[in-house]
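Rule-based calculations on the coordinates, nothing more; no lab input. Bear in mind that the values here come from a model prediction, so they are computed numbers and not experimental data. Here the Cβ positions follow ideal geometry from the backbone for every residue, glycine too, while neighbour counts run over all protein chains shown.
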Amino acid sequence: MKKVRKPKTTNHSVSAEQAMRLAGRYLMNTYRRPALLFVRGRGCYLYDHRGRKYLDFLGGLAVNALGYSHPRLTRVIRREAARAVHVSNLFHNSYQGPLARKLAEWSGLERVFFCNSGTEAVEGAIKLARLAAHKRGTEGKARVLALENSFHGRTFGALSITYPAKYREPFAPLVPGIEFVRFNDIADLEAKFDDSVCAIVIEPIQGEGGIYPVSAAFWTRARELASHYDAALIADEIQSGLGRTGRPFAYQRYTGLPDIVVIAKPLAGGLPLGAVVARESFAESFSPGLHGSTFGGGPLACAVALEFLSTIEDDNLLENVRERGSQLRSELARLAGDFDFIREVRGEGLILGIELAVEGKAYVEGALREGLIINCTHERVLRLLPPFIVTERQVDEFTERFRQVLKKTKRPHAVAAEFAEKKDRNALAASR
Ligand SMILES: Cc1ncc(COP(=O)(O)O)c(C=O)c1O
């Protein structure tokens, strides 16, 4: 038999030091990174260039829901890479239809558009809501409501409905017709909602904003007003969705479905894939040529996404998310009892925030020194987004090591007044 020779590939690897030096020299300055390079991962652990092991409780910012090198995803990636990584959207591929059906089943909605990222899904949702309003012949129905403290992405439409000024103002002027509603404030919502609104966009749990869940009463009222004024209720489930709360979607804890849901992050196990999922009554506004994407919904990403969703179902991972989530939450509550500067622990399933009375940066750095990966959002909220496959022992391992981080880290001075206030409250409670 004739021997098939393997094609030669170029070795592009450089030392870790050189890779970081080149990044400093040639990359645009958009990220602040520690002098550390991760070279591989397995399950919930990452390994750096020196071979040191880290327990990852940030999961690639909610992307690595099945951890690293999950055997089922790896197998599908290999198989599809050898077939067709990309087929243009001028043609069908084998996986878009089945994946769209699965997402319709998970969400309770009807039709799907695929794109590549969260921000792009948000753009698609806003475009769809505007289009639906125009198609219904409602003149001037173009205002979009979003919530204070929200984060929806970095492209212009998504950025325009993102609340913190630090993200928006450097890029002004932004998209007009946006108004922010005070978080969970029903009276403000009612005051700002009228016939000129085409959409309201809500993260059921604000992620970047510090892990704040929207109240059931606020959601219900938003649903009622959106129906009354024929506007779209858009759920941004990019961080909270696809199983993170222990349900397929975080909005499933409320009554009333959204009209449009946007998803991305964990959908294709780390490959870029986002989606807009909508009710038929909104989706029907699109017709060929009105919206599209070169890469969105390619066969490789869609095949991996199908495998991701089947793995969650086959391995009962939603149950694991709920169980490990409540284990982690009660361990963190215990820590909050022992460390006065922890103000609150909140969230649901495996999206948890630990609000401190002091700045969180030093604790993130301390955790990294201790071999733990977490991050800090909203200056004082330590955020945990562990993979859905996390085990009971890994939750124990995390909390023991995190206790050491809390003990060892030199406490920053900032917001000392609030810390003192909690100490007073605790002393008062203890004296009762
Ligand atoms: C709730 C939410 N919406 C939108 C985005 C933007 O997603 P992407 O970074 O994939 O564009 C993010 C990213 O963190 C997010 O958390």
Legend entry - the range 74-314 - charge dipole about Cα centre, Lys and Arg +1 at Cβ, Asp and Glu -1, debye rounded to 20: 620 debye
Inset, instruction - Could you work out which residue, out of Tyr54, Tyr26, Tyr68, moves most in a Gaussian network model of the chain, that is, has the largest mean-square fluctuation with Cα springs under 10 Å? - result: Tyr26
Inset, instruction - Compute the separation of the alpha-carbon centres of the range 330-350 and the range 273-308 and state it in Å as a whole number. - result: 39 Å
Inset, instruction - Could you work out the relative contact order of the range 255-370, using alpha carbon pairs under 8 angstrom and six or more residues apart, expressed as a whole percent? - result: 16 percent
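Quick one: putting +1 on the C-beta of Lys and Arg, -1 on the C-beta of Asp and Glu, what dipole do you get for the chain around its Cα centre, in Debye to the nearest 20?
The dipole of the chain has a size of about 2220 debye.
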Inset, instruction - Only helical DSSP H runs with n ≥ 4 go in: add -39500 (n - 2.57) per run for the chain, normalise by residue count and round the 222 nm mean residue ellipticity to 500 deg cm²/dmol. - result: -12000 deg cm²/dmol
Legend entry - Centre separation in Å (Cα based) which lies between the range 94-124 and the range 12-66: 30 Å
Legend entry - Among Arg182, Arg83, Arg33: highest mean-square fluctuation, GNM of the chain, C-alpha pairs under 10 Å: Arg33
Inset, instruction - Rank these for me by crowding, Leu242, Leu318, going from fewest to most other beta carbons within 10 Å. - result: Leu318, Leu242
Legend entry - Among Gly97, Ala357, Leu290 the positive-end extreme of the charge dipole of the chain (Cβ point charges): Gly97
Inset, instruction - Could you grab the Rg to Rh ratio for the chain? Cα atoms only, Kirkwood for Rh. - result: 0.98
Inset, instruction - Would you look at the GNM of the chain, springs on alpha carbons closer than 10 Å, and say which of Ala121, Ala84, Ala333 moves the most? - result: Ala84
Inset, instruction - For the range 374-396 and the range 206-261, compute the distance between their C-alpha centroids and round to whole Å. - result: 22 Å
Legend entry - Equivalent ellipsoid semi-axes, the range 62-191, via Cα gyration tensor eigenvalues times 5, rooted, Å: 34, 20, 16
Inset, instruction - Before anything else, pin down the relative contact order of the chain: Cα pairs under 8 Å, at least 6 apart, normalised by residue count, whole percent. - result: 19 percent
Legend entry - Residue pairs, from the table Lys141/Lys265; Lys102/Lys166; Lys265/Lys407; Lys53/Lys408; Lys265/Lys361; Lys102/Lys265, whose Cα atoms sit over 26 Å apart: Lys141/Lys265; Lys102/Lys166; Lys265/Lys407
